[in-house]
Structures are given as structure tokens and as C-alpha cells.
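Encoded as C-alpha cells, the structure appears first; notes follow it.
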């Protein structure tokens, strides 16, 4: 990065810390900031600081929120007897955007991954078990990803809730809508056959 | 972006303003900021503001710099009788990083582009002509890009310096090192034949 003044080099370095952003892209982003107005740059810097200042974890479901409790947990129209367990806020948003679920959520903020040193204590598991014990929860939907880690996490939650008076379900895996059997990978094809249901 | 608290939506919106950054990537970057430490987020925000506060145009060559004059213009070891004209600071950095040029630069901050409303007055052309008139400049190397706009800009500079006691040269176009004639586009091939030189 020779030729760039120190503040520009520092900005490129900071921007390179983003996942998936290499030095070339970071340089392009830094150039944009250089040529953008002071007001627009200040708005970006301020939005970064605002998020760190204002965003907390919902005290009930650990979704990201401004207040003590998130919009969903504070919505009295939601079905409070169903909890959908997800890995992260992005999964929650994906389910919300489908418009197909009217219950509550619980965000684990990760999945079991021994290779990465992520054990049960790194996830919001204790809080999930406590929620179910303290409330009239009829069903727990396990909506972690269909990955090895997502599956092992779902298995652990099932074990932790053994003996409790609650139905545990897992979201369906199979051929996505619009998918073509000819192009689907072998594992997905296997699951589609394995989890076939009655007509 | 339903499901995200307002400060997060605002951050995603701000990040989407970057060129080449769509909503999905902006969301990924926002997520990174959410999970990064307050200190790291503050460092990023501060580096953005620092660049707007400290970076100015060099009063001699219009390169980006902290002081009134850039490192290159302030370097007495440079050849002051050659000026290399470039479109932008990135071109300057590219030439510097090749280590093949020891003269001075002049950054136009753009190229002629009537379609985009960029005329001669939008570029640092007047300042270039004044520099050449006021200093003992032996050669002006035109290093704008080999694009339609870069070529027309080079032509205009040549016209503006007509009659002045200075040699005007253009960087070479042709097959890049490591390139293969089989895969080079027709226009580059044409230029490589057209500008052939004696062995």
C-alpha cells in the first residue's frame, strides 16, 4: 500500500478486517469514503457507533434489540406457547420474512463446534431450558441449520428437554421449492427420500 | 430487512451505499460490526472520520496527502523535470509500486466523459498547464487509462501543451507480461501490432 498517506492506509487496514473483504476491495471502499462528503462519512461512522451503543440482547429470547425486550417478545399477538430455536438473528429474520411462524424465538448465538472450541456453555442453552421450565411451552421447534453442527446442537437440546412436558420438532429438510431432482446433491436427495410423508 | 432493530437497519443502509456492496453483503458487514468489540468498532468509525479530517489534495500535484504537499512532491530526490499525468490516486499508487518511475505526478481526478457531464473544468487541467509554464519541465508522460475517455483526455492535454517547449509521451499499450496472444482481445492485439517497435 505504498503511496497512500497513513490515515488512508489505516482505513484500508480497518476495512480489510471485514469478513470477505480483501485489500483490493478495502481500497475501493476507502476511495469511496475519500470522495464522499464529510456529512455522508460522518453518517456512516455514527451509524457504526450507534449500533454498538444501542443494540443489546433481548432479555427473553436473546435476539438483537434496542430495548430490554425485542419487538417480537413484546408483541402480545404472538403465540407464547411455541418457541422456535435458531442459531443466530439472521435465521430469525429469515423465518420472520417467510411470514409462516407466529410464535416466539430463542437465539442460541452459535452452534456446537468442538473444532472451534464452541461448547454448550458458549450457547444460550441454559436460558432456553429455564424459559421452558418457567412458561407454559407446548412445542419447541428446532430450527438450527441442517449442518453437522446444527444437527448435533438439535440433538443436545432434545436431550436437555427429555422428560419435560413439551413436544420437540425439527424443521423439514428436502428438495427446495423450484429445485430440480436432477441437480440436487446426494445428501439432500437422501433426506428427501428418508423423511417422506404420507399423502 | 424486517426483524432488525432500527439502528441495525440504518447501518445496513449506510453500508449498502458502498459501490459493489449489495444488501446481502451489507448485512454480513453489519453482523460483523454487531459481534465485534466496542473498541474495534470505535477504531473503524474513528479511522473513517480521521481520513475526512486529515486528507487533503497536495497543493502541487493533487495527490491525496495529509500535509499541504505530498510525500512525493516533498522528496528532493525525485526528478522534477518529468511529470506523469494520471487519472486518480490509485493509478499513481500503481505506478509507484512498479518502482519504475522517479519523476513527479499530476492527478487529474477524473477523465473527460461528456456522457457523465465531466468536462475539462472538472479536471485539474488548468493547474497542470500552470505547473508546466512555471517549472523547467522536460517531459510530460500521459498515463491516463487506455479507454475512450482516457485517450480523449490525453489528446486534450496534448492540445493544451501545443507550442510549449516540452516532450509529450504516452505510456505503451500492448500484450501484458505473462499474457498469451491466443487469449488477448482484438483491440489489444491491434494496438500491439500498430505500435510495434524496432529491435
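A few remarks follow.
- Scanning region A:29-59 for residues that are within 27 Å of residue A:108 (Cβ to Cβ) and either at pLDDT below 95 or surrounded by fewer than 20 Cβ atoms within 10 Å (Cβ to Cβ) (or both) returns A:50, A:52, A:53, A:54, A:55, A:56, A:57, A:58, A:59.
- Residues being closer than 22 Å to residue A:110 by Cβ and surrounded by fewer than 18 Cβ atoms within 10 Å (Cβ to Cβ) - total across region B:1-27: 1
- For residue A:75, the requirement of being touching a residue at least 40 places away in the same chain (Cβ under 8 Å), exposed (fewer than 14 other Cβ atoms within 10 Å of the Cβ) and more than 10 Å from chain B (Cβ to nearest Cβ) is not met.
- Test: residue in region B:83-90 that is modelled with pLDDT under 90 and over 16 Å from residue A:13 (Cβ atoms): yes
- Single unsatisfied condition, residue B:167 versus (1) loosely packed, with under 14 Cβ neighbours inside 10 Å; (2) within 22 Å of residue B:71 (Cβ to Cβ); (3) in contact with a strand residue (DSSP E or B) (Cβ under 9 Å, 6 or more places away or on another chain): (2)
- Where helices (runs of 4 or more DSSP H) sit wholly within region A:109-199, those with at least 2 residues that are in contact (Cβ under 8 Å) with a residue 24 or more places away in the chain occupy A:125-134, A:148-160.
- The set of residues from region B:83-108 being surrounded by 16 or more Cβ atoms within 10 Å (Cβ to Cβ) and part of a loop (DSSP other than H, G, I, E, B) comprises B:87, B:88, B:101, B:108.
- Flag if residue A:113 is surrounded by fewer than 18 Cβ atoms within 10 Å (Cβ to Cβ), within 22 Å of residue B:28 (Cβ to Cβ), more than 9 Å from every other protein chain (Cβ to nearest Cβ) and touching a helix residue (DSSP H, G or I) at 6+ places or on another chain (Cβ under 7 Å): yes
The values are calculated or read from the model by the stated rules, or taken from the named source; none is laboratory data. What you are looking at is a predicted structure, and each value in this text was computed from that prediction instead of being measured. Because the Cβ atoms are built from the backbone with ideal geometry, glycine has one as well, and the counts that use them run over all protein chains shown.
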